[in-house]
Every structure is written in C-alpha cells, then in structure tokens.
Amino acid sequence: MSEGGFTPKKQRRISRACDFCHRRSIRCRPTQDDGNRCQNCSDFGVECTFNRPMKRRGTKLKARPQAEYYESPSGEHANLLLDLTNPQSKQHEPSYGTSHESTESTSLNINFSIDLSEHHQALVLDNLAKIQDLVTVYFEVVYPIFPLFHRPTLLRKISTRDYLSDKAQFAMTMAICALASARARDGALYPAKWNPDYLLEPAAEAFSSAAIAVLPSDWSKMKGLDWMRTCAVLALVGIQVGNIPMMHQYLGTYHTLVAMDGLHDEKNWPREIDMVQVEERRRLFWSIYTLDVYSSIVWGGVIRCRESQSRVLYPSELDDEVFSSTGIRNGPSSPTTRRDSTFSKPAITDTGSWLHGWNFTTELYRILEHAMDEFHRRRPQNIGPFSPSDLFHRSAPPQSVVLDKIFLMHENLPARFKETRGVVGEMTADRYSFQAANIAATLQLARMVLFTAEDATVEQKCAIARELLDDFAKVPIFFLKAISSPLLHHLAGIGSILGSVIEGQLSLSEYLRVRTVLLAMADLLASLEASLTRKAGASERLRALLSRIDEYMSSQRQQEILLPVAETHQEQIEWPAGTLVDFSQGDMSLDSQFSFQLPQELLLDWPWPLDLTQGFGNFQGT
C-alpha cells in the first residue's frame, strides 16, 4: 500500500505507443496519477491520443534512409524527422495528426510575436519536435548538476510554445537547446535511448546564435529571471564548446543582471512570486555561485559572488513533481523546515531528495571560496606600501581542522550520495549517482586547494590525486561523460595544482610520484575526451611533456652524476656509455635524493588550463 492508503492499480504493459510518443520515438510509459494519459503526455501537458492508423501485423516497413530512423526503446521504428510544420517537405511522411491540431492547422496557427530573422524563424519552425527533445536531454544530463528550472513548469511552457511570444523565453529556450545539443554531440546521452545522429542537426551553434540574436543591446531591458538564466546557460554553452571567452562574457553579463535585480538578497525579490519562482531563483543563484568559484579556480579569475554578501537560502530539497506554483502537493514523508526570521519563505530539508546531495556540493564550494581567500592572503602582495588584509587579519584554522569538518559532513551524508551505481535509465534514480560523482570530484578539489594553501608536500598532493582517480574508477563512464566538459576542466584544475610542483625543486623520487599520478590522470582524460567534438588534447600534450622531461632528466643524469652514482651503487648499476635511464619503468635505482629544477622553456607546453589561458596552472604555494 502506498502513502495515504492508496493502492495503485497494476499497470499493464503499453503494447502500442501513443501518437505523441510515436512521433518523437520515445518510450510510452503509463502514469499512476492519470489513467487517461501516458507519462510523457502528462509531463508536456498534451492530450494522449491513438489516432494514427493501425498497421497490419507482418507488413514490412517501407525502406527509408537510415538517418531518418533509430531503434526506439519501445522497439518501434519512428520517423524522427517528422515535421508538423512543413507538410510540403517530400522527405517527410504525412502526419497522422492529433486530436487538437492537424498538420496544416499547426503550420497556419504558428505566429511569432517577437521580432526574429527569417533564418531563425525557419530554425524554430523546422525543429519544433526537436526543441522538445533537446529540452528532455537537458533534464537528463544537465539538470542534475545545474537544476535551473522547475521541470513541470518548463515542459508545459515548451509544449504550449510560450517561447514564440516572449523574447526572454525564446532566448532561454534556444540557449537550453544549444547546451543540450552540444552535450549530445559530445556523447553525453542516455545509452540506447537517443540516436546521436538525429540530434546533430541543427548544430549547437545555430541555437546559441538564435539566443544571442535576441539579446537586447541595452542591458537595462533585460529584467527578470529568464534573462539571467539565459546568460547562465550561455556561459555553460561556452564551457561545453570550448569557447572560454564566451563563458567569461555571459557569466559577466549574468553578474551584471544579478546586481540590477538584487538576486543576491531575498529581501529584494518581488513579494508576489510563487513557490516555483522562489525555488528557481534559489537554484539559479547557488548554481552559478558554484560556477563562479569553479571558474576562478580553473581559469584564475576573481570570485564575483561572495557568500558572505549573499542572503539567499539553499533550495528546498523537494523533487519538482511534489510542488507547484500553489505550494506543496505531496511533500516528503518527514521533512524538517529550515526557518530564519529574516526570510519570509523558509526552505525545506529532506535527506531523501537528490537535492540534499546537491546542497552538500554547494557547501563544499563555500568552503572552497574561503580556502582560495586564504591562499591569496598567503601570497606576497606588492601592490602598495602595505597590505590592508594585515589590518583585518584573523587566524584561519589549520587545514587539518577544516578537512576534519569536511570529512564529518561527508560521513553524515546518506550512503546514496557516496557511491555511484550503474545507470538505471530512470532520471529520478540516476540523479543520485550524478550527485555522488560531483561530490567526489569537488571533495578532492577542496582537499587539494586546502593543502596547497598550506604548502603541502608532494606526497600529500599525490595522495589526493590518487584518491580522486580511485573514486572515479568506481563511477560508471556514463555519468562522467554526462557531466562532460565541465568535469574535464574540473580534473584539469586538480591536475594543474598537482603539476605545478614540477616547476620547483624536486627530488627524483618526488618526480616519479608526480609522474605516475599525472599519467594515470592522462588516461582518465583520454577516456573522457574520446567523445568530445572539440578535444582539448590535454592527455596527449601531457604525455608528450612528460616524455620530454624524461629525456631531459635522463641526459642530465648521465652528464652530471652518472659517475658518482655508479661508484656509489656499483653492484646495482652497470650502464654502458650512452644508456638513458628508463623513467617510464619508474627506475628507483637512482639516488632518490638527487634534486633538480626543470628549465622554464621545457614547461611552455603545459596542458592546463585547457583553453591555454593563464589560470590555476600557475597555482603554487608561497
């Protein structure tokens, strides 16, 4: 018996997909709440119909070009290029129609209430169904890390095509499609659910171009949540397609809009907004806060959003399906409510929700912000005659104290956020695994930054990197690929901190430790980069760099200290003239106290940051 004493009826297997699911070639699944509609029709707010003609059993399907088909999860072949708004197209088969609109009426009833070029109008009209599919992809692989939208609300707006009459919603929808298309192009799709070729066209750049085209030149006109979300998503598009200047541009625009809107303080928010709008604002603020801290670490920028200057609660730990604009419909079994007298709308905590793990990651980024402050305070400042921070100096706790607190917080997390299970294929269940993978990466990044701020030893940094690699070895590759380019840069941030030690004085044994970990990291990067369209090439460049360092060290070893070492280790080492030490085998027969410093010209091809701009690759202790 389920909650509330309701015993659901036994669901029968759907032997024939409804018109909506058949046209989009997605699995048609029943829903418990509404016996008259399948789950997809319920999500998109459309009528569930079976108006298309039944095909005779045993009749062979007419052959069509392979690109127009893929095997759907339900076992049906469907024409994925079916375009309801272009009945004249000879390559499309006639629409079987739905109960609420026919093919031709759809074409005639679509009117744009916003000013768009003919090119961008055609982009939309030719891809109405694909826009819905790309929004679905966003919720599958982007939303678990950047939950910027209330899923039922956005799906309803997409199905009613509100974006055709509202410029901010149009820009936001096109940005979502651009991000989802770029992820799909890079292989971040649920296995066996989508045909990647189907989602390749239009390219992500076509959708982002449409979004950018409607951005007002006067930013004072960009008021409201949708404009802020548009800029936030475009910043993520920049990361995904490897265009880091684009990321900086729209992240900067986002921060300008936040300042104009007052998003950083809930007291500035409109009083009349409903629960969905409150939660979406909270999710947006903390999502891009983590992106801001993340980008400052990976690309060496400044943190523009300070948690000490923010007055925004964490998002309520509620799945989207249990609340709406009118409030909570079917809340968690035993939630506790966080209440603060300065906040008019409290947030709800439920450790059973995947958002509980998401909020934990935000906690780690808040710690990272202060760890970065401590690192910069320890660096010599030659800006003026004195450092103002000396006037407000407060002793920071040792990194061991901070790490103990982090480990205690992590220990208290439910087990589902500490282990990544295999792909279930159901979005709600898989979101927990997304959180586990993201928590593992962020936890090790926090450890690395804390250790670096206190001049940790090479062995300590190597140990953290090894733990990270061990953690990721347990994560199914789907989740790593789904997080996609942001994870690559995340790993690059850790790798650059670790790799920066080779710029200083190193003993041979220390170099071999760093070398072993960096090669293992190169293997992981290579597996992730394999599916990317725009490959950063970090793994190949890292291997090439280490190979050149090996050759340099081997030659220096021969020229300068081969004779003394041979005299000291005469029994173990008998090298003929011209023999080079094989560092690839971790040759520890050499004197482990032998120290060296690599020439700077040898490190010019250091592979991180991935966009080759100055960033955390120069992160060194003081």
How much area per residue is accessible in region 224-275 when the probe is 1.4 Å and only protein heavy atoms are counted (Å²)?
35 Å²
Of Lys130/Lys474; Lys221/Lys345; Lys267/Lys418; Lys418/Lys481; Lys221/Lys267; Lys223/Lys345, which ones are farther than 24 Å apart at the Cα?
Lys130/Lys474; Lys221/Lys345; Lys267/Lys418
Per residue of region 210-215, in order, report the coupling 6.51 cos²θ - 1.76 cosθ + 1.60 (Karplus, θ = phi - 60°) as ³J(HN,Hα) in whole Hz, putting x for Gly and Pro.
5, 5, 5, 5, 9, 5
Would you pull out the residues with amide H under 5 Å of Asp265's amide H, same chain only if 5 or more places away, H placed 1.01 Å from N?
Arg311
Given points 7 Å out from each Cα along the Cα-Cβ axis, report the Arg306 to Ser325 separation in nanometres with one decimal.
3.8 nm
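How much FRET efficiency would the formula 1/(1 + (r/R0)^6) give for Glu47 and Ala429, where r is the Cβ-Cβ distance and R0 is 30 Å, rounded to 0.05? Numbers along the way, then the final one.
Working: r = 29 Å, r/R0 = 0.95.
Once rounded, the FRET efficiency stands at 0.55.
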Can you list the residues, at least 5 places off or on another chain, whose amide H is less than 5 Å from the amide H of Ile328, using H built in the peptide plane?
none
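How high is the FRET efficiency from Lys221 to Arg466, r the C-beta distance, R0 45 Å, rounded to 0.05?
Working from the Cβ atoms, E equals 0.30.
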Karplus 3J(HN,Hα) series, Hz, for region 248-258 with 6.51 cos²θ - 1.76 cosθ + 1.60 (x for Gly, Pro)
5, 4, 7, 5, x, 4, 4, 5, 5, 5, 4
Residue-ordered couplings for region 510-519, obtained by feeding phi - 60° into the Karplus form 6.51 cos²θ - 1.76 cosθ + 1.60 and rounding to whole Hz (Gly and Pro as x), are 5, 4, 5, 5, 4, 4, 4, 5, 5, 5
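The values are calculated or read from the model by the stated rules, or taken from the named source; none is laboratory data. What you see is a predicted model; the values in this text were computed from it and never measured. With ideal geometry, Cβ positions are generated from the backbone for all residues, glycine too; neighbour counts draw on all protein chains shown. Side chains are part of the model used for accessible areas, which takes the heavy atoms of the whole protein and leaves out ligands, DNA and RNA. Shrake-Rupley method; radii C 1.70, N 1.55, O 1.52, S 1.80 Å.
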